[in-house]
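Heads up, the thing below is written out as structure tokens.
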Amino acid sequence: MPQPDHVRRWRQYLADERAEASVYRDLASHRQGEERQILLALAEAEGRHEQHWLDLLGDRVGRPRRPDVRTQILGLLARRFGSVFVLALAQRAEARSPYEQDRDATPTMAADERIHEEVVRGLAARGRNRLSGTFRAAVFGANDGLVSNLSLVLGISASGVANHIVLLTGLAGLLAGALSMGAGEYVSVRSQRELLEASAPDPDTQALLPQLDLDANELALVYRARGMDETEAEAHAAAVLGSPEPDVSDAPALVEVDEHEAIGTGLGAAVSSFCFFGSGAVIPVLPYLFGLSGLTAVVVAAVLVGLSLLATGATVGLLSGASPLKRGLRQLVIGYAAAAVTYLLGLLLGTG
């Protein structure tokens, strides 16, 4: 007879496996094609794990238990959103599997959970790539606005100048920083895309294929330059040129262009950076806009910015599959350190 604590643990595992299978089915309902099939396959795998605990429990299954809180939250998000954030959370959930340390779980189950983490990581990577260009500009823009304008406002405020000067300085910093960030992101992304486009194959090359010397087979040089080894390049080029109508549409080494979705568009990055820098930079100014001054305004501004830094850091942590708390605290410490330096400088160089 199993010990009562074993039965309780098995029941909890059973509840968690059922909940995780439900999460994957809910995520699949928001997907189509291959992603849907992968998620349904993951749900089926969790069903096999569920059966393992059912077999161990036998007639001791008892009343259905609630899954752990994190799995419940994950299920709620999956039903409502089905977004990349949920996949990132699912990735973290798979990484926390206790099966490797539990002798009642089979080695196969422990290995399954590790593989599930990699599968979910791959699915989440697709979503991260689709949004990471604009998202990167948004997060960095908001973070820069929070930190730079808080530092500016606190430094000026510590110098002892009048409240309206602090307010005007903060608003000027907001506008100047947002314009600078937007312009910088546009130029950066456009330049990066232009460099990629310069490396893309020339589509007009297609028309020249019938005129190539079959004996010299210089098309192979193109494939070699694009990454194939000599033998593979010679064989592939010979196959292309030997066809009745040469066509390189199936030759990835020649025509494949990395779209680099992660880069985003110049305009999208610029608009996101401008808006999010402005949304971050306005927060340190809010206390002064509402008439606060002196130490009260400084404390309120610091608290508001601190909460915002925690939020941006936690968001990045969620998307990257890392700990939201650690990422949030990291953002908070860095931001407060920068603001503290300028505040001390303001005190040292103040008007007295």
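Can you pull out every residue in region 67-105 that is of a type in the set (Ser, Thr, Tyr), modelled with pLDDT under 80 and over 20 Å from the mean Cα position of the chain (by Cα)?
Just the residues of region 67-105 that are of a type in the set (Ser, Thr, Tyr), to begin with: 71, 83, 97, 99.
From what is left, the residues that are modelled with pLDDT under 80 are 71, 83.
Scanning region 67-105 gives a single hit, Thr71.
I'd like the full set of residues that are under 22 Å from the mean Cα position of the chain (by Cα) and among the small types (Gly, Ala, Ser), limited to region 29-50.
Quick first cut of region 29-50, residues under 22 Å from the mean Cα position of the chain (by Cα) only: 29-32, 34-36, 38-39, 42.
Of everything in region 29-50, just one residue is under 22 Å from the mean Cα position of the chain (by Cα) and among the small types (Gly, Ala, Ser), namely Ser29.
Does Ser29 meet the test of being surrounded by fewer than 18 Cβ atoms within 10 Å (Cβ to Cβ) and modelled with pLDDT under 90? Don't jump to the end; show me each part of the working.
On the way: surrounded by fewer than 18 Cβ atoms within 10 Å (Cβ to Cβ): yes; modelled with pLDDT under 90: yes.
In short, yes.
Just to be sure before I move on: is Leu344 modelled with pLDDT of 85 or more and out of contact with any Leu (no Cβ under 7 Å at 6 or more places or on another chain) in the structure I sent?
yes
Could you check, for region 6-17, whether at least one of its residues is surrounded by 14 or more Cβ atoms within 10 Å (Cβ to Cβ) and within 25 Å of Ala125 (Cα to Cα)? So that I can check it myself, show each step before the final result.
First, pick out the residues of region 6-17 that are surrounded by 14 or more Cβ atoms within 10 Å (Cβ to Cβ): 6-7, 9-17.
This time we only want the ones that are within 25 Å of Ala125 (Cα to Cα), so: 16-17.
Yes, region 6-17 has at least one match.
Enumerate the pairs (first residue in region 33-50 and farther than 15 Å from Ser22 by Cβ and β-branched (Val, Ile, Thr); second residue anywhere and at pLDDT below 90 and not in a helix (DSSP H, G or I)) with beta-carbon separation below 9 Å, excluding pairs fewer than 6 apart on the same chain, so at least 6 apart or on different chains.
Listed pairs, sorted by first residue: Ile38/Arg31.
If a residue counts only when it is more than 16 Å from Ser157 (Cβ to Cβ) and out of contact with any helix residue (DSSP H, G or I) (no Cβ under 6 Å at 6 or more places or on another chain), which helices (runs of 4 or more DSSP H) contained entirely in region 264-344 have at least 3 such residues? Can you show your working first?
Numbers: elements: 266-281, 286-289, 294-320.
Output list reads 266-281, 294-320.
Per-residue answers, yes or no, for (1) part of a helix (DSSP H, G or I); (2) among the aliphatic types (A, V, I, L, M); (3) over 21 Å from the mean Cα position of the chain (by Cα); (4) at positive phi:
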site: Asp16; (1), (2), (3), (4): yes, no, yes, no
site: Val23; (1), (2), (3), (4): yes, yes, no, no
site: Leu27; (1), (2), (3), (4): yes, yes, no, no
site: His52; (1), (2), (3), (4): yes, no, yes, no
site: Gly58; (1), (2), (3), (4): yes, no, yes, yes
site: Gly62; (1), (2), (3), (4): no, no, yes, yes
site: Arg65; (1), (2), (3), (4): no, no, yes, no
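Only one of Val161, Val189, Val147 is part of a helix (DSSP H, G or I) and under 18 Å from Tyr343 (Cα atoms); which?
On the way: Val161 fails: part of a helix (DSSP H, G or I); Val189 fails: under 18 Å from Tyr343 (Cα atoms).
Going through Val161, Val189, Val147 in turn, the sole match is Val147.
Would you confirm whether or not region 181-196 contains a residue that is among the hydrophobic types (A, V, I, L, M, F, W, C), modelled with pLDDT under 80 and farther than 29 Å from Arg327 by Cα? First the steps, then the outcome.
Initial filter on region 181-196 (among the hydrophobic types (A, V, I, L, M, F, W, C)): 181, 183, 187, 189, 195-196.
Still in the running and modelled with pLDDT under 80: 189, 195-196.
Those still in the list that are farther than 29 Å from Arg327 by Cα too: 195-196.
Yes; the residues of region 181-196 include at least one that is among the hydrophobic types (A, V, I, L, M, F, W, C), modelled with pLDDT under 80 and farther than 29 Å from Arg327 by Cα.
The values are calculated or read from the model by the stated rules, or taken from the named source; none is laboratory data. Note that the structure is predicted; figures quoted are calculated from it, not measured. No Cβ is skipped: glycine too gets one built from the backbone with ideal geometry, and neighbour counts run over all protein chains shown.
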